[in-house]
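Notes follow the structure.
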Amino acid sequence: MSTRLISRLRSGVILAAIVFSGTQAGYADTKKIAKVEFDGANLSDLVSFLREGASGTVRNVIVDPRVNRELRVSLRLYDVTKGVAFAYAAELGGFDYREDRYAIRIVPRSVSAGIRPFLKRGSPVIARRLAEIRMPKVEFDETDLGQVVEDLVEATRRLDSSKKGINILLGPGVDSSSPVTLQLQNIPVGQVLNYIAEFSKLKIRIDGNAILLLDRKSGGK
């Protein structure tokens, strides 16, 4: 039986419409969450999210004292596991984590940190959706990049025949207030993102769970 959970944590972080189904399978958790939303989540919020397992189990979480306690993370993801959501939160928050037999250790992120392999799985499916989902009309006039991303995510969920849509995230250091002006018709959403990335001097990373718009100066690939 599926369980519906709505939980509100400190700093206004909202975990909305969380629906779990399936079985427990270690930290990476195979249960899909219908929607995960962090609005300025701090480190304590993220630890609380990670600590509670979908089946009611509690994980040990240890935080390295060198990790920035002032970090804030905002993201919205649909239809992802808790492990995927936390991996993106870690990347956006500028920290990393290690899992051993007894605990998950949250540590500072190194400059050479790579992309976690499980985030890339299924990227050809996302690439195909980028080509297949067509936008009948795109019209932005000096619209903040953050709002543009929200609008595109919602549009893809309406237009996708599977109703899954495409998750889109702004990477670390990307200015969400950067203005976007576009007027387009009958165009694949992937090409819309290409234009946005070109004009905003960003690069695109296609994962199996989300598209990331990254600063061209960043080391993410």
>> I'd like the full set of residues that are assigned to a strand (DSSP E or B), surrounded by fewer than 18 Cβ atoms within 10 Å (Cβ to Cβ) and not hydrophobic (A, V, I, L, M, F, W, C), limited to region 167-221.
In response: P179, T181, Q183, Q185, N186, P188, K203, D215
> Which fully enclosed strands (runs of 3 or more DSSP E) of region 1-114 have 3 or more residues being outside the structural domain of I126 (by TED's automatic domain parsing), buried (at least 20 other Cβ atoms within 10 Å of the Cβ) and at pLDDT 55 or above?
Replying inline: 32-41, 73-81
>> Looking at region 115-152 only, could you name the residues that are assigned to a helix (DSSP H, G or I) and over 26 Å from G173 (Cα atoms)?
In response: P124, V125, R128, R129, A131, E132
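The values are calculated or read from the model by the stated rules, or taken from the named source; none is laboratory data. Everything quoted here is computed from the prediction, not taken from an experiment. Don't worry about glycine lacking a Cβ; one is built from the backbone with ideal geometry, like all the others, and counts go over all protein chains shown.
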